[in-house]
Amino acid sequence: MRPRPILLFATLSGALLLCGACSIQPWVKPYERDRLADPIMAWDRDAISNAYLDHIRESREGSRGATGGAGGGCGCN
Amino acid sequence: MDRRHIVARAAVIAALLLVRSTIADVLPDNRADVFYSKYSGGGMDITGYSATARAKITENFAVEANYFIDKVSGASVDVLSQASVIKDTRKQKSGTLEYLHDKTTYTASYMSSVERDYKSDTASFSLSQSMFGDLTTVTLGFANTHNTVGENNGTANDPNVAWLGHALTRAYSGGLSQIITKNFIAGVNLQVITDAGYLANPYRSVRFLDGSARGYGLASQVYPDTHTSTAVQVQAKYYLPYRAAVTGLYRYFSDTWGVVGNTYELDYTHPIANKWIFEGRARYYKQTAATFYSDLFPFANSQNFTARDQNLAALDNITLGAKVTYAFLPDGWKFFKRGTVTGDVSRIRFNYKDFRDTRDFGVIEGFAPGDEPLYNFSAMVYQLYVSMFF
Amino acid sequence: MIRSSTLLKRCAMAAIVVASTAFAASSDASGPAPAFTLTTLGGQPSGLSAYKGQVVMVNFWATWCGPCQQEMPLLDQMYKKYKPAGFTLIGVNVDKEAPAVKELLTRKPVSFPVLLDPANQVSKAYHVDEMPSSVIIDRKGQIRYIHRGYKPGDENDYQDRIRQLIRE
């Protein structure tokens, strides 16, 4: 299986990165991020624990990968 | 279950750890965790201890170090040829560097894992970019792992390890996270992993009908020397008005060995003031067997590739878990900003569709090969950790 | 066929848009500072008009914003230092609910006035596009600088701008 999906993804990301020049205005303003900044809205509030659970599952299942999350939070600075 | 897979997968974990807890724009808070874990099920007991610390050296540069040790004891149900109990200790250490520049976070990490009959080294790198008014985060990552696989031909107390081969794993990952509304964030992850080399578990054997007294003979597994897999996960988190969060995720997995896996998970997080956070999780996982997997082959050498590893069987499992975090220092003390203690308990029930329990169900007990009951077991996973933020 | 002048214009536009979406610490700004009236934690109304003739820094902050918390003590020091020279600092808090603000200010008090903007009207009027944001207004009520975000060391930048405006 050739890594074609990753090529598509990289292209999309590249397009998005270049599209910094597209003037889409953020629809959630920085001062409206209070809920997203709440620790309960973090993808990985306890990264070590989540990594351990993934470790347990990958040791006993045939699947692996694509877990975890990034982004969100207060968007400060 | 065997240690082999703990480590083989650990490489992937290292790569995944890079995608975790990246909130572009500000490096995460300084934190130290002391962690205890215990897995008990399927005849295996694994106790783990870990210490992690991360700190910002400057506003833009952070380092993290982790040390993990786990001890296994038990007898796995699919280790047919060995009656001896497995007893081993694995030591893992990792170090990570994070650099934030404007809206981009660069992360580099190295992990090394050593046990008596398995060594693994992983180097990984990832990049996380925040854009569109910090509503979107794009992450790209790459990890390279080198494993050295051995087999202990002695006993637990008097080992004799023969090194059998090497395996190389490369993981390519991409992630996109998007804030949809002020209450709602969603994301998608893609990861393609390819391995090459010695990929089988030397402790597991296949069985085939041979007309003997037992009814079957044993042979070594024969795995392909390449493996490529693709996983896509979609996830979403929603903030409920009374201050709680609900998370849903779905992951699709497919590989060149014929395994197709579907994961569904739902989490609910409920805080109380600044002191307590309660979390409940429910997960359902289902997979199809690998094409070269069989619980019982019709005769010796019936296929080019043969496997009887539990992990490649057709199975499903259900997990129910609960987690409680208590902030014993909600507003800090001296230079600590916050201190919490967390307890987490999960129960996982495994059901195999085409893997049979041969331990106590043989010809003597009246079961012909292939008629033994399908295997199932429950495992309990406990975690206890103290986290100090500073 | 695109004429070179149009192409140049479009390139310049694109460059400006890219530059404006890129992170800029302190940038020159212009225009009259929108007037506003908000309430203090104690419920008293107050606004920009109360500080006419002074150099004003309006700092937009929130209890959930890490860098905001980091700069607060430094802003407090700066306020105490330059107040006698005709400078004032107004902390506009954007939290949706007051209790968290009160709790934080009780634990870590500041001496500059804090006004509450839970409906985010003032944040919108000032086009706040980064947290924290500091808008520096001259004695004539004109916006002169906007500082987005906070990194340690930025307080020196604030002080330079303030001193410059005080001398005017």
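The values are calculated or read from the model by the stated rules, or taken from the named source; none is laboratory data. Here the structure is a predicted model, which means the values were calculated and not measured. Cβ coordinates were reconstructed from backbone atoms using ideal geometry, including for glycine residues, and neighbour counts include every protein chain displayed.
Of all residues being within 14 Å of chain A (Cβ to nearest Cβ) and of a type in the set (Gly, Ala, Ser) in segment C:49-93, which is farthest from A:Pro39 (Cα to Cα)? Just the residue, please. Write out each step before concluding.
Taking segment C:49-93 first, the residues within 14 Å of chain A (Cβ to nearest Cβ) are C:58-72, C:91-93.
Among the residues that remain, those that are also of a type in the set (Gly, Ala, Ser) are: C:62, C:66, C:91.
Working: C:Ala62: 15, C:Gly66: 12, C:Gly91: 24 Å.
The extreme case among them is C:Gly91.
Kindly evaluate B:Leu176 against the criterion of being surrounded by 18 or more Cβ atoms within 10 Å (Cβ to Cβ), among the hydrophobic types (A, V, I, L, M, F, W, C) and at pLDDT 95 or above. First the steps, then the outcome.
Numbers: surrounded by 18 or more Cβ atoms within 10 Å (Cβ to Cβ): yes; among the hydrophobic types (A, V, I, L, M, F, W, C): yes; at pLDDT 95 or above: yes.
Spelling it out, B:Leu176 is indeed surrounded by 18 or more Cβ atoms within 10 Å (Cβ to Cβ), among the hydrophobic types (A, V, I, L, M, F, W, C) and at pLDDT 95 or above.
From the list C:Ser123, C:Ser134, which residue is small (Gly, Ala, Ser) and either within 12 Å of another protein chain (Cβ to nearest Cβ) or part of a loop (DSSP other than H, G, I, E, B) (or both)?
On the way: C:Ser134 fails: either within 12 Å of another protein chain (Cβ to nearest Cβ) or part of a loop (DSSP other than H, G, I, E, B) (or both).
Among C:Ser123, C:Ser134, only C:Ser123 is small (Gly, Ala, Ser) and either within 12 Å of another protein chain (Cβ to nearest Cβ) or part of a loop (DSSP other than H, G, I, E, B) (or both).
Look at C:Ala98 and say whether it is touching a helix residue (DSSP H, G or I) at 6+ places or on another chain (Cβ under 9 Å) and either in contact (Cβ under 8 Å) with a residue 12 or more places away in the chain or among the charged types (D, E, K, R) (or both). Give the steps one after another, and end with the answer.
Working: touching a helix residue (DSSP H, G or I) at 6+ places or on another chain (Cβ under 9 Å): no; either in contact (Cβ under 8 Å) with a residue 12 or more places away in the chain or among the charged types (D, E, K, R) (or both): yes.
No.
So, in segment B:129-151, of the ones that are free of Cβ contacts under 8 Å to residues at least 60 places away in the same chain and more than 14 Å from chain A (Cβ to nearest Cβ), which residue ends up farthest from B:Asn183 (Cα to Cα)?
At the first step, the residues of segment B:129-151 found to be free of Cβ contacts under 8 Å to residues at least 60 places away in the same chain are B:131-133, B:135-136, B:138, B:140, B:144, B:146, B:148, B:150-151.
Subsequent filtering for residues that are more than 14 Å from chain A (Cβ to nearest Cβ) retains B:144, B:146, B:148, B:150-151.
Values: B:Asn144: 37, B:His146: 42, B:Thr148: 47, B:Gly150: 50, B:Glu151: 52 Å.
Once the filter is applied, the top-ranked residue is B:Glu151.
Identify, by number, the condition in (1) within 20 Å of B:Val232 (Cα to Cα); (2) in contact with a Lys or Arg (Cβ under 9 Å, 6 or more places away or on another chain); (3) in contact (Cβ under 8 Å) with a residue 24 or more places away in the chain; (4) part of a strand (DSSP E or B) that B:Tyr284 doesn't meet.
Among (1) within 20 Å of B:Val232 (Cα to Cα); (2) in contact with a Lys or Arg (Cβ under 9 Å, 6 or more places away or on another chain); (3) in contact (Cβ under 8 Å) with a residue 24 or more places away in the chain; (4) part of a strand (DSSP E or B), the lone unmet condition for B:Tyr284 is (2).
Which one of these is assigned to a strand (DSSP E or B), under 16 Å from the mean Cα position of the chain (by Cα) and closer than 30 Å to B:Phe328 by Cβ: B:Glu279, B:Glu265?
Values: B:Glu279 fails: under 16 Å from the mean Cα position of the chain (by Cα).
Only one candidate passes the filter, namely B:Glu265.
Can you name every residue in segment A:49-77 that is under 20 Å from B:Leu127 (Cα atoms) and among the β-branched types (Val, Ile, Thr)? Break it down into steps so the answer makes sense when it comes.
Step one: list which residues in segment A:49-77 are under 20 Å from B:Leu127 (Cα atoms), which gives A:51, A:65-77.
Once the filter is applied, which keeps residues that are under 20 Å from B:Leu127 (Cα atoms) and among the β-branched types (Val, Ile, Thr), segment A:49-77 yields only A:Thr67.
For the structure I just gave you, tell me whether B:Val206 is in contact with a strand residue (DSSP E or B) (Cβ under 6 Å, 6 or more places away or on another chain), within 30 Å of B:Asp371 (Cα to Cα) and of a type outside the set (Ser, Thr, Tyr). It would help to see each step written out before you state the result.
Details: in contact with a strand residue (DSSP E or B) (Cβ under 6 Å, 6 or more places away or on another chain): yes; within 30 Å of B:Asp371 (Cα to Cα): yes; of a type outside the set (Ser, Thr, Tyr): yes.
It is true that B:Val206 is in contact with a strand residue (DSSP E or B) (Cβ under 6 Å, 6 or more places away or on another chain), within 30 Å of B:Asp371 (Cα to Cα) and of a type outside the set (Ser, Thr, Tyr).
For segment B:336-377, what are the residues that are basic (Lys, Arg) and within 23 Å of B:Phe278 (Cβ to Cβ)?
Restricting attention to segment B:336-377, the residues satisfying the condition of being basic (Lys, Arg) are B:337-338, B:347, B:349, B:353, B:356, B:359.
Matches in segment B:336-377: B:Lys337, B:Arg338, B:Arg347, B:Arg349.
Just one of B:Ser229, B:Ser212 is at pLDDT below 95 and either surrounded by fewer than 17 Cβ atoms within 10 Å (Cβ to Cβ) or over 23 Å from B:Pro369 (Cβ atoms) (or both); which is it? I'd like the intermediate steps shown before the answer.
On the way: B:Ser229 fails: at pLDDT below 95.
Just one listed residue meets the conditions, B:Ser212.
Being modelled with pLDDT under 95, touching a Cys at 6+ places or on another chain (Cβ under 7 Å) and of a type outside the set (Phe, Trp, Tyr) is the filter here; which residues of segment C:53-67 pass it?
Correct list: C:Cys65, C:Gly66, C:Pro67.
Could you list, in sequence order, all residues of segment B:263-298 that are hydrophobic (A, V, I, L, M, F, W, C) and at pLDDT 95 or above?
In the first step, residues of segment B:263-298 are kept if they are hydrophobic (A, V, I, L, M, F, W, C); the result is B:266, B:272-273, B:276-278, B:282, B:289-290, B:292, B:296-297.
Passing the criteria: B:Leu266, B:Ile272, B:Trp276, B:Ile277, B:Phe278, B:Ala282, B:Ala289, B:Ala290, B:Phe292, B:Leu296, B:Phe297.
Looking at this structure, is C:Gln164 among the polar types (S, T, N, Q) and in contact (Cβ under 8 Å) with a residue 60 or more places away in the chain? If you could, list the steps in order and put the result at the bottom.
Values: among the polar types (S, T, N, Q): yes; in contact (Cβ under 8 Å) with a residue 60 or more places away in the chain: no.
Spelling it out, it is not the case that C:Gln164 is among the polar types (S, T, N, Q) and in contact (Cβ under 8 Å) with a residue 60 or more places away in the chain.
Take the residues in segment C:124-168 that are surrounded by 21 or more Cβ atoms within 10 Å (Cβ to Cβ) and among the polar types (S, T, N, Q); name whichever of them is farthest from C:Lys96 (Cα to Cα).
By that ranking, first place goes to C:Ser134.
Do the conditions hold for B:Phe335, that is, is it more than 30 Å from B:Val34 (Cβ to Cβ) and surrounded by fewer than 21 Cβ atoms within 10 Å (Cβ to Cβ)? Give the steps one after another, and end with the answer.
Working: more than 30 Å from B:Val34 (Cβ to Cβ): no; surrounded by fewer than 21 Cβ atoms within 10 Å (Cβ to Cβ): yes.
When the stated conditions are applied, B:Phe335 does not pass them.
Suppose we filter segment A:45-68 for residues that are assigned to a loop (DSSP other than H, G, I, E, B) and either at the interface with chain B (Cβ under 7 Å from one of its Cβ atoms) or modelled with pLDDT of 95 or more (or both); how many remain?
Step one: list which residues in segment A:45-68 are assigned to a loop (DSSP other than H, G, I, E, B), which gives A:45-46, A:61-68.
Applying the additional criterion that residues be either at the interface with chain B (Cβ under 7 Å from one of its Cβ atoms) or modelled with pLDDT of 95 or more (or both) yields A:46, A:61-68.
Number of matching residues: 9.
Just a yes or no: is a residue in segment A:16-35 within 18 Å of the chain's Cα centre (by Cα), assigned to a helix (DSSP H, G or I) and modelled with pLDDT of 90 or more?
Within segment A:16-35 (the criterion being within 18 Å of the chain's Cα centre (by Cα), assigned to a helix (DSSP H, G or I) and modelled with pLDDT of 90 or more), the answer is yes, since at least one residue qualifies.
Any chance segment C:27-41 includes a residue that's of a type outside the set (D, E, K, R), closer than 30 Å to B:Arg243 by Cβ, at pLDDT below 90 and surrounded by 11 or more Cβ atoms within 10 Å (Cβ to Cβ)?
Yes; the residues of segment C:27-41 include at least one that is of a type outside the set (D, E, K, R), closer than 30 Å to B:Arg243 by Cβ, at pLDDT below 90 and surrounded by 11 or more Cβ atoms within 10 Å (Cβ to Cβ).
Here is a list of conditions, (1) touching a residue at least 60 places away in the same chain (Cβ under 8 Å); (2) more than 23 Å from B:Ser378 (Cβ to Cβ); (3) touching a helix residue (DSSP H, G or I) at 6+ places or on another chain (Cβ under 7 Å), and B:Lys337 meets all of them except one; can you say which number that is?
Tallying (1) touching a residue at least 60 places away in the same chain (Cβ under 8 Å); (2) more than 23 Å from B:Ser378 (Cβ to Cβ); (3) touching a helix residue (DSSP H, G or I) at 6+ places or on another chain (Cβ under 7 Å), B:Lys337 fails exactly one: (3).
A quick yes/no check of all residues on (1) under 19 Å from the mean Cα position of the chain (by Cα); (2) part of a strand (DSSP E or B); (3) hydrophobic (A, V, I, L, M, F, W, C):
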residue: B:Gly141; (1), (2), (3): yes, yes, no
residue: B:His146; (1), (2), (3): yes, yes, no
residue: B:Asp158; (1), (2), (3): no, no, no
residue: B:Leu164; (1), (2), (3): no, yes, yes
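Somewhere in segment B:360-371, is a residue outside any loop (DSSP other than H, G, I, E, B) and touching a strand residue (DSSP E or B) at 6+ places or on another chain (Cβ under 7 Å)? Working first, answer last.
At the first step, the residues of segment B:360-371 found to be outside any loop (DSSP other than H, G, I, E, B) are none.
Within segment B:360-371 (the criterion being outside any loop (DSSP other than H, G, I, E, B) and touching a strand residue (DSSP E or B) at 6+ places or on another chain (Cβ under 7 Å)), the answer is no, since none of the residues qualifies.
Go through segment B:200-240 and give me each residue that's closer than 19 Å to B:Trp257 by Cα, assigned to a strand (DSSP E or B) and within 14 Å of chain A (Cβ to nearest Cβ). Can you show your working first?
Taking segment B:200-240 as the starting set, the residues that turn out to be closer than 19 Å to B:Trp257 by Cα are B:200-202, B:204-206, B:220-232.
Imposing the further condition that a residue be assigned to a strand (DSSP E or B) reduces the set to B:205-206, B:220, B:222, B:226-232.
Passing the criteria: B:Thr226, B:His227, B:Thr228, B:Ser229, B:Thr230, B:Ala231, B:Val232.
Inspect segment B:89-100 for any residue being in a strand (DSSP E or B), over 22 Å from the mean Cα position of the chain (by Cα), more than 10 Å from chain A (Cβ to nearest Cβ) and over 30 Å from B:Lys71 (Cβ atoms) and give the result as yes or no. Show your work before the answer.
Looking only at segment B:89-100, we keep the residues that are in a strand (DSSP E or B), and these are B:89-100.
Add one more test, that the residue is over 22 Å from the mean Cα position of the chain (by Cα), and what stays is B:97-100.
Filter once more, keeping what is more than 10 Å from chain A (Cβ to nearest Cβ): B:97-99.
Filter again for over 30 Å from B:Lys71 (Cβ atoms), leaving B:98-99.
Looking through segment B:89-100, at least one residue is in a strand (DSSP E or B), over 22 Å from the mean Cα position of the chain (by Cα), more than 10 Å from chain A (Cβ to nearest Cβ) and over 30 Å from B:Lys71 (Cβ atoms).
Kindly indicate the residue of segment B:344-380 that is modelled with pLDDT of 95 or more and of a type in the set (Val, Ile, Thr) and also farthest from the chain's Cα centre (by Cα) among those meeting that condition.
B:Val345
Out of (1) at pLDDT 85 or above; (2) within 11 Å of chain A (Cβ to nearest Cβ); (3) out of contact with any Pro (no Cβ under 9 Å at 6 or more places or on another chain), the odd one out for B:Arg54 is which?
(3)
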